[in-house]
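Just so you know, all these numbers are worked out from the coordinates, no wet-lab data involved. The model shown is predicted, which means the values in this text are computed figures rather than measured ones. Heads up, the Cβs are rebuilt from the backbone with ideal geometry, glycines too, and the neighbour counts pull from every protein chain shown.
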Amino acid sequence: MFFRFLTGVCGILLFASVLLPVTVVAQETRFVSPSISVGVRRGQGTEFKIIKLVKDGDQVEFLSENGDWAKVKVGTATGWMPARFLSTKAPPFKLVNILRSKNEELSKANSTLNLQLAELKDLQNNTGNDLSTCIAHRDEAQSSFQKLKDATADVVAINNKLAATETEIKEVRSMLSTVQKKNNELEQKETVSWFLAGGGVLFLGWLIGLITGRSKRKRTSLM
């Protein structure tokens, strides 16, 4: 008799669960917030078998809600549990754990950032040194170029001076050649003059001798 009564009650509950509207919501994470462990059952009622136990702070995947019962997924198991034991807010100790975990992640991220910052500083220093070296090479190249430019200007000036000197030498040679020609002409004229002068002296001597000889002859004949 009791078994029939229990079977009838289960049938009524199942029929009611089919007729009653089931609230379906988007999947979300909720936290178990009882003071003791709560069983996740196969159906909506304490008469259904417990398939999973959840304790305070456990995370479950909330699937839907039907009256006082909520359909959840725990790991690979899916079942029903009293909705009053679910909360969208994590319990304080869970928040502490979450914050501690976040703090550890932030500490690791901070350490990684510090390492990256140190690497960037080293890279900046190396880049600065390389830049200083490049600037020094550039200044040296500019100085060498300026010296070469000045030397080239000096070479051009020297070449111009050499060309002017060669022109002056040609002019001097031309003048020297003219002077030599004139000197030769003067030497020739002086030779002729000396020759004529010598001839004149000889002629004058001969003439004087001739006159003197005639004078002596006349004196002798008079005596």
Label points 7 Å out from Cα along the Cβ direction at residue 206 and residue 99: separation in nm?
15.5
Which lysines does residue 49 reach when only Cα atoms under 25 Å apart count, and residues fewer than 8 places away in its own chain are ignored?
71, 73
Cα-only radius of gyration and Dmax that characterise segment 62-119, units Å
19.0, 59
How high is the FRET efficiency from residue 64 to residue 108, r the C-beta distance, R0 41 Å, rounded to 0.05?
0.60
Per the rule of 0.36 nm per residue minus the C-alpha distance, extending residue 121 to residue 196 adds in nm 16.1 nm
Checking the a/c ratio against 1.5 first, then a/b against b/c, what shape does the Cα gyration tensor give for segment 22-90?
rounded
Cross-link candidates for residue 182: which aspartates and glutamates have Cα within less than 15 Å, leaving aside residues fewer than 8 places away along the same chain?
190
Filter 55/108; 55/102; 52/108 down to the pairs with a C-alpha to C-alpha distance above 29 Å, please.
55/108; 52/108
Cα-projected label distance for residue 29 with residue 157, points at 7 Å along beta-carbon direction, nm
8.5
Hey, can you grab everything whose amide H is under 5 Å from the amide H of residue 57? Only 5+ residues off in sequence or another chain; H modelled, so Pro and N-termini drop out.
32, 33
